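Beneath this line is the structure, given in structure tokens, with notes to follow.
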Amino acid sequence: MSKVIIGETEYFKGISQIQFEGKESRNPLAFKYYDPNRIVSGKTMAEQFKFAVAYWHSFCNNGGDPFGVGTKLYPWNTSCDPIQNAKNKMDAAFEFLSKLGVNYFCFHDVDLIDEGSSLSETEYRLQAITDYGLEKMKGTDIKVLWGTANLFSNPRYMNGAATNPDFNTVAYAGAQVKNAIDATIKLGGENYVFWGGREGYMSLLNTNMKRELDNIAQFFHMAKDYARARGFKGDFLIEPKPAEPSKHQYDFDAATVTGFLREYNLFDDFKLNLEVNHATLANHTMAHEMQVAANAGLLGSMDANRGDYQNGWDTDQFPVDLYELTEMMLVFLDAGGFQGGGGINFDAKTRRNSTDLTDLFYAHIGGIDAFARSLIIADRIKSESDYDSLRSDRYSSFDSGIGLEFTDGKLSLSDLHKLAHQQGEPQQISGKQELYENIINQFI
């Protein structure tokens, strides 16, 4: 564990560094399953996960929703000076991270600072807070998993950012991304994320989809080339989401983004940052999205949360569903973990009526423990059950003989026609879905 970092003001009073105490512990401020040094499937838990805290939800979210104003009054958000406020917020973030024992955080540019009244003023503020961040990071284990630019909140982006039909807006978005990339590199960020919150359309009646896709691809190439020229060696990550706030977003799901990257020659530099709640909104499971990405070698990183199946919107709740997480971890282990330098960022927020600062710890402890427990369960399923052999046996007809010849491309369609006549009607072979489901429940 790294040392606890406290600035001039201690914000999370009465909370010491969170420790692993094991599943028998009744201490709500302790890990029950997450032991960062425990080796699971050949790596320590800390290496497998690289947990990160989302700056925006944990230190900026005020609990407001479409039906009411904010409920969370943060003690680090009381200064009339925007730069002092930003420093106070960073002090709180570093204290929280060090007490939680998590080494990474993720940020949007305008999470670190409030956007100024001009681009120059915003750049000045961003320079000041990243200077402060560099000083805070000295002698600590705290790092940036990824940075990004908020290209969706400001009214200037109501018609999109890189896909905006007005070039002046595209140029402004480019300036903002340049500044965010500079900030990410300056703070040693290991990846850079694009989430196209308004990169899509509300109506095709006024949209030239092909032109917008061409423009955003050009924008990605420019951002990539700029960062590489600055020495950035990390992954660029696109975060799929099907809709909300746009009716249809161009980064709809993992398959859509994979096709986009191939079409526009971005495959070598970009991977995917998948979010659980976004998978739900696309009518997929997160395991499905992870498998699609892993198949393409693009399983880069993850935003951890969950949705509410009674709400058709992005609720960003902390993950607690062991069954869902175990299915995800089975895919994760089969892929060998992340196929890049990513990790698991808790893009999740405490509920509107969870207003104590301690609730931030409860939420993150619960999410971290849920992932750790699910990883242990998935590893046991793979090592102690027939799960892998059952799946392998299901496809055994392709492992030898004529099936292998088909796999190796040695048969023609006419060969299949001839074989079908020779063999007659195929036998029904059970998929045994219930057995697989029982195996997961057995190990949970």
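The values are calculated or read from the model by the stated rules, or taken from the named source; none is laboratory data. The model shown is predicted, which means the values in this text are computed figures rather than measured ones. When we count neighbours, we look across all protein chains shown, and the Cβ atoms used for this are built from the backbone with ideal geometry, even at glycine. What goes into the accessible areas is simple: the full protein's heavy atoms, side chains included, and nothing from ligands, DNA or RNA. Shrake-Rupley method; radii C 1.70, N 1.55, O 1.52, S 1.80 Å.
Across the accessible surface of the range 177-241, with the other protein chains kept in place and a 1.4 Å probe, carbon and sulfur atoms take up 56 percent.
Pop out the carbon and sulfur fraction of the accessible area of the range 367-444 as a percent, whole number, probe 1.4 Å. About 48 percent, which is the carbon plus sulfur part of the accessible surface. Quick one: go through the range 185-222 and flag any residue whose amide nitrogen is under 14 Å from the point 7 Å out along the Cα-to-Cβ line of F167. The answer is 215. If the segment from N265 to L205 were pulled out straight at 0.36 nm per residue, it would be longer than the present Cα-Cα gap by 18.7 nm. Looking at the range 202-273, the chymotrypsin sites (Phe, Trp or Tyr not before Pro) that sit in a DSSP loop and have at most 16 other Cβ atoms within 10 Å of their own Cβ are Y264, F267.
Of the residues K23, K178, K271, ranked by 1.4 Å probe accessible area with the largest first, the sequence reads K23, K178, K271.
Compared with the dominant Cα axis of the chain, that is its longest principal axis, helix 209-229 is turned about 70°.
Ordered from largest to smallest accessible area (heavy atoms of protein chains, 1.4 Å probe), the residues C106, C60 come out as C60, C106. The DSSP beta bridges internal to the range 213-349 are antiparallel in roughly 10% of cases. Within the assembled protein chains, the solvent-accessible surface assigned to L435 is about 70 Å², based on a 1.4 Å probe. Helical content alone sets the calculated 222 nm signal of the chain at -13500 deg cm²/dmol, taking -39,500 (n - 2.57) per DSSP H segment of four or more residues and averaging over every residue. If R0 equals 35 Å, the separation of the Cβ atoms of N27 and A335 corresponds to a calculated FRET efficiency of about 0.55.
For H288, H248, the ranking by accessible surface with the largest value first comes to H288, H248, using a 1.4 Å probe. Taking θ as phi - 60° and the Karplus parameters 6.51, -1.76 and 1.60, the scalar couplings of the range 317-327 work out to 8, 5, x, 9, 7, 5, 5, 4, 5, 5, 4 Hz in sequence order, x denoting glycine and proline. The gain in end-to-end length when the R380 to S397 segment is fully stretched comes to 3.4 nm, 0.36 nm per residue minus the alpha carbon separation.
Relative to the longest principal Cα axis of the chain, at what angle does helix 413-423 sit, 0 to 90 degrees, rounded to 10? It works out to around 60 degrees. Calculated accessible area for the range 1-158 comes out at 47 Å² per residue, all protein chains present (probe 1.4 Å; ligands, DNA, RNA ignored). Loop-located trypsin sites (Lys or Arg not before Pro) across the range 24-117 with a Cβ neighbour count of 11 or fewer within 10 Å are R26, with loop assigned by DSSP.
Per-residue 3J(HN,Hα) values for the range 301-310, derived from phi via the Karplus relation 6.51 cos²θ - 1.76 cosθ + 1.60 with θ = phi - 60°, read 6, 8, 9, 8, 6, 8, x, 9, 5, 9 Hz in sequence order (x marks Gly and Pro). Spacing of the modelled spin labels on M137 and K233, each 7 Å from Cα toward Cβ, amounts to 1.5 nm. Residues in the range 178-217, backbone N under 19 Å from the label point at K247 (7 Å along the Cα-to-beta-carbon vector): list them, ranges by number please. Those under the cut-off are 197-213.
Accessible surface for the range 321-444, divided over its residues, is 57 Å² per residue with a 1.4 Å probe. Helix 254-263 and the longest principal axis of the C-alpha atoms of the chain enclose an angle of approximately 90°.
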